[in-house]
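What follows is a short report on a single structure.
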Amino acid sequence: MNYINAIKEYIELEISVLRQIDAMEINALMDAIENARQRNAAIYIMGNGGSAATASHFVNDFNKGISEYIEQKFRFICLNDNIATVMAIANDIGYDAIFEFQLRGKVKSEDLVIGISGSGNSANVLNAIEFAKKEGALTAGLTGYDGGKLRKIADISVHVPVMSMQVTEDIHIIFDHLMMAIFYKKLCGKEHLKGAG
(Lines give C-alpha, C1' and ligand atoms only; values in the text may rest on other atoms or scores of the structure.)
Protein backbone atom coordinates (compact mmCIF):
# COMPACT_ATOMS: atom_id res chain seq x y z
CA MET A 1 0.00 0.00 0.00
CA ASN A 2 1.06 3.56 -0.64
CA TYR A 3 0.72 5.83 2.41
CA ILE A 4 2.97 8.62 1.11
CA ASN A 5 0.25 11.27 0.72
CA ALA A 6 -1.23 10.50 4.13
CA ILE A 7 2.23 10.68 5.71
CA LYS A 8 2.92 14.04 4.08
CA GLU A 9 -0.48 15.39 5.16
CA TYR A 10 0.17 14.43 8.78
CA ILE A 11 3.61 16.01 8.76
CA GLU A 12 2.27 19.21 7.17
CA LEU A 13 -0.49 19.40 9.79
CA GLU A 14 2.07 19.03 12.56
CA ILE A 15 4.26 21.78 11.10
CA SER A 16 1.26 24.07 10.65
CA VAL A 17 0.17 23.62 14.26
CA LEU A 18 3.67 24.14 15.61
CA ARG A 19 3.79 27.49 13.83
CA GLN A 20 0.65 28.55 15.74
CA ILE A 21 2.02 27.78 19.20
CA ASP A 22 2.27 30.80 21.49
CA ALA A 23 5.91 30.94 22.67
CA MET A 24 4.89 33.22 25.55
CA GLU A 25 2.78 30.40 27.00
CA ILE A 26 5.75 28.04 26.96
CA ASN A 27 7.94 30.75 28.46
CA ALA A 28 5.47 31.25 31.31
CA LEU A 29 5.51 27.53 32.10
CA MET A 30 9.31 27.44 31.95
CA ASP A 31 9.49 30.33 34.40
CA ALA A 32 7.11 28.51 36.76
CA ILE A 33 9.12 25.28 36.56
CA GLU A 34 12.45 27.02 37.12
CA ASN A 35 11.06 29.13 39.99
CA ALA A 36 9.73 25.96 41.62
CA ARG A 37 13.17 24.37 41.33
CA GLN A 38 14.86 27.38 42.91
CA ARG A 39 12.57 27.27 45.94
CA ASN A 40 12.86 23.46 46.17
CA ALA A 41 9.11 23.08 45.58
CA ALA A 42 7.40 19.96 44.34
CA ILE A 43 6.18 19.91 40.74
CA TYR A 44 3.24 17.52 40.48
CA ILE A 45 2.27 16.34 37.00
CA MET A 46 -0.49 14.05 35.74
CA GLY A 47 -2.48 12.81 32.77
CA ASN A 48 -4.52 9.91 31.39
CA GLY A 49 -3.62 7.52 28.58
CA GLY A 50 -1.04 9.04 26.25
CA SER A 51 -0.93 12.09 28.52
CA ALA A 52 0.03 9.80 31.40
CA ALA A 53 3.02 8.66 29.36
CA THR A 54 3.89 12.30 28.66
CA ALA A 55 3.69 13.15 32.36
CA SER A 56 6.01 10.25 33.16
CA HIS A 57 8.36 11.36 30.38
CA PHE A 58 8.57 14.86 31.90
CA VAL A 59 9.66 13.33 35.20
CA ASN A 60 12.40 11.31 33.51
CA ASP A 61 13.72 14.24 31.53
CA PHE A 62 13.78 16.72 34.41
CA ASN A 63 14.55 14.54 37.45
CA LYS A 64 17.31 12.59 35.72
CA GLY A 65 18.14 14.22 32.41
CA ILE A 66 18.74 17.76 33.65
CA SER A 67 19.09 17.14 37.39
CA GLU A 68 22.08 14.85 36.86
CA TYR A 69 24.16 17.94 36.06
CA ILE A 70 22.88 20.53 38.54
CA GLU A 71 23.20 20.80 42.30
CA GLN A 72 19.70 22.14 42.95
CA LYS A 73 17.50 19.39 41.50
CA PHE A 74 14.02 19.45 39.98
CA ARG A 75 11.41 17.72 42.17
CA PHE A 76 8.88 16.38 39.65
CA ILE A 77 6.32 13.90 41.00
CA CYS A 78 4.11 11.99 38.56
CA LEU A 79 0.68 11.22 40.04
CA ASN A 80 -0.11 8.49 37.50
CA ASP A 81 3.06 6.42 37.92
CA ASN A 82 2.13 4.37 41.01
CA ILE A 83 -0.32 1.87 39.54
CA ALA A 84 -1.21 0.27 42.87
CA THR A 85 -2.12 3.64 44.40
CA VAL A 86 -4.06 4.77 41.32
CA MET A 87 -6.04 1.51 41.17
CA ALA A 88 -6.80 1.54 44.89
CA ILE A 89 -8.17 5.07 44.74
CA ALA A 90 -10.12 4.31 41.57
CA ASN A 91 -11.62 1.15 43.08
CA ASP A 92 -12.38 2.44 46.58
CA ILE A 93 -13.22 6.10 45.95
CA GLY A 94 -13.60 6.72 42.22
CA TYR A 95 -11.52 7.31 39.11
CA ASP A 96 -12.26 11.04 39.19
CA ALA A 97 -10.37 11.23 42.52
CA ILE A 98 -7.14 9.46 41.53
CA PHE A 99 -5.06 12.65 41.32
CA GLU A 100 -6.83 14.91 43.79
CA PHE A 101 -6.62 12.30 46.56
CA GLN A 102 -2.85 12.08 46.15
CA LEU A 103 -2.54 15.85 46.57
CA ARG A 104 -4.57 15.98 49.79
CA GLY A 105 -2.38 16.70 52.79
CA LYS A 106 0.70 16.99 50.57
CA VAL A 107 0.46 19.85 48.09
CA LYS A 108 1.69 23.16 49.47
CA SER A 109 1.14 26.74 48.35
CA GLU A 110 4.69 26.98 46.97
CA ASP A 111 4.21 23.91 44.72
CA LEU A 112 3.41 23.75 41.02
CA VAL A 113 0.72 21.36 39.73
CA ILE A 114 0.64 20.54 36.01
CA GLY A 115 -2.31 18.78 34.37
CA ILE A 116 -2.12 17.32 30.87
CA SER A 117 -5.38 16.73 29.02
CA GLY A 118 -5.79 16.71 25.25
CA SER A 119 -9.45 17.65 25.49
CA GLY A 120 -8.97 19.83 28.54
CA ASN A 121 -11.97 18.14 30.12
CA SER A 122 -10.58 15.10 31.97
CA ALA A 123 -12.52 15.12 35.25
CA ASN A 124 -9.73 13.69 37.37
CA VAL A 125 -7.24 16.27 36.10
CA LEU A 126 -9.73 19.12 36.61
CA ASN A 127 -10.50 17.95 40.16
CA ALA A 128 -6.80 17.93 41.03
CA ILE A 129 -6.18 21.35 39.49
CA GLU A 130 -9.17 22.85 41.29
CA PHE A 131 -8.02 21.35 44.60
CA ALA A 132 -4.48 22.62 44.07
CA LYS A 133 -5.80 26.13 43.41
CA LYS A 134 -7.79 26.01 46.66
CA GLU A 135 -4.57 25.11 48.47
CA GLY A 136 -2.85 28.12 46.92
CA ALA A 137 -0.55 26.21 44.57
CA LEU A 138 0.29 27.52 41.11
CA THR A 139 -1.35 25.46 38.36
CA ALA A 140 -0.66 24.82 34.69
CA GLY A 141 -2.51 22.99 31.94
CA LEU A 142 -1.33 21.45 28.68
CA THR A 143 -4.26 21.07 26.31
CA GLY A 144 -5.40 20.61 22.71
CA TYR A 145 -8.72 21.01 20.84
CA ASP A 146 -10.37 24.17 22.23
CA GLY A 147 -8.61 23.78 25.56
CA GLY A 148 -11.74 22.77 27.44
CA LYS A 149 -12.22 23.73 31.07
CA LEU A 150 -8.56 23.16 31.94
CA ARG A 151 -7.44 26.01 29.71
CA LYS A 152 -9.85 28.32 31.52
CA ILE A 153 -9.04 27.41 35.12
CA ALA A 154 -5.27 26.81 35.05
CA ASP A 155 -3.10 29.75 36.04
CA ILE A 156 -0.80 28.98 33.12
CA SER A 157 -2.15 27.49 29.89
CA VAL A 158 -0.06 25.98 27.11
CA HIS A 159 -2.45 25.19 24.29
CA VAL A 160 -2.10 23.17 21.08
CA PRO A 161 -4.74 24.56 18.66
CA VAL A 162 -5.70 21.41 16.74
CA MET A 163 -8.66 19.02 16.70
CA SER A 164 -6.46 15.93 16.77
CA MET A 165 -5.47 13.94 19.84
CA GLN A 166 -2.47 12.46 18.05
CA VAL A 167 -1.00 15.80 17.02
CA THR A 168 -1.82 17.29 20.43
CA GLU A 169 0.05 14.51 22.21
CA ASP A 170 2.96 14.75 19.76
CA ILE A 171 3.37 18.44 20.49
CA HIS A 172 3.03 18.01 24.26
CA ILE A 173 6.10 15.76 24.06
CA ILE A 174 7.81 18.42 21.94
CA PHE A 175 7.09 20.93 24.74
CA ASP A 176 8.88 18.60 27.17
CA HIS A 177 11.92 18.19 24.94
CA LEU A 178 11.99 21.86 23.95
CA MET A 179 12.01 23.00 27.57
CA MET A 180 14.48 20.31 28.54
CA ALA A 181 16.90 21.30 25.77
CA ILE A 182 16.77 24.97 26.75
CA PHE A 183 17.20 24.29 30.47
CA TYR A 184 19.98 21.85 29.66
CA LYS A 185 21.85 24.60 27.86
CA LYS A 186 21.05 27.39 30.33
CA LEU A 187 21.47 25.46 33.58
CA CYS A 188 24.04 22.83 32.65
CA GLY A 189 26.03 24.70 30.02
CA LYS A 190 25.69 21.79 27.63
CA GLU A 191 24.46 21.69 24.05
CA HIS A 192 23.31 18.09 23.75
CA LEU A 193 21.90 15.70 26.31
CA LYS A 194 23.11 12.11 26.33
CA GLY A 195 21.44 9.02 27.72
CA ALA A 196 18.17 10.39 29.15
CA GLY A 197 15.75 9.38 26.44
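Annotations for the structure displayed:
- Leading residue by the ranking (surrounded by the most Cβ atoms within 10 Å (Cβ to Cβ)) among those in region 104-118 that are outside any strand (DSSP E or B) and out of contact with any Phe, Trp or Tyr (no Cβ under 9 Å at 6 or more places or on another chain): Glu110
Every residue, every condition in (1) under 28 Å from Glu9 (Cβ atoms); (2) part of a loop (DSSP other than H, G, I, E, B); (3) in contact with a Leu (Cβ under 9 Å, 6 or more places away or on another chain), yes or no:
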position: Asn80; (1), (2), (3): no, yes, no
position: Ala84; (1), (2), (3): no, no, no
position: Met87; (1), (2), (3): no, no, no
position: Ala90; (1), (2), (3): no, no, no
position: Gln102; (1), (2), (3): no, no, yes
position: Gly120; (1), (2), (3): yes, yes, yes
position: Glu130; (1), (2), (3): no, no, no
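- Verdict on Val86 being surrounded by 15 or more Cβ atoms within 10 Å (Cβ to Cβ), within 15 Å of Met179 (Cβ to Cβ) and without any contact (Cβ under 8 Å) to a residue 60 or more places away in the chain: no
- Qualifying residue in region 51-74 (condition: surrounded by fewer than 14 Cβ atoms within 10 Å (Cβ to Cβ), under 17 Å from Thr139 (Cβ atoms) and either of a type outside the set (D, E, K, R) or over 14 Å from the mean Cα position of the chain (by Cα) (or both)): no
- Qualifying residues in region 132-159 (those that are in a helix (DSSP H, G or I) and in contact with an Asp or Glu (Cβ under 8 Å, 6 or more places away or on another chain)) - the one nearest to Ile89 (Cα to Cα): Ala132
- Of residues in region 129-182 being more than 21 Å from Glu110 (Cα to Cα) and among the small types (Gly, Ala, Ser), the one modelled with the lowest pLDDT: Ala181
The values are calculated or read from the model by the stated rules, or taken from the named source; none is laboratory data. Worth saying up front: this structure is predicted, and the values here are computed from it rather than measured. Cβ: placed from backbone, ideal geometry, glycine included. Neighbour counts: every protein chain shown.
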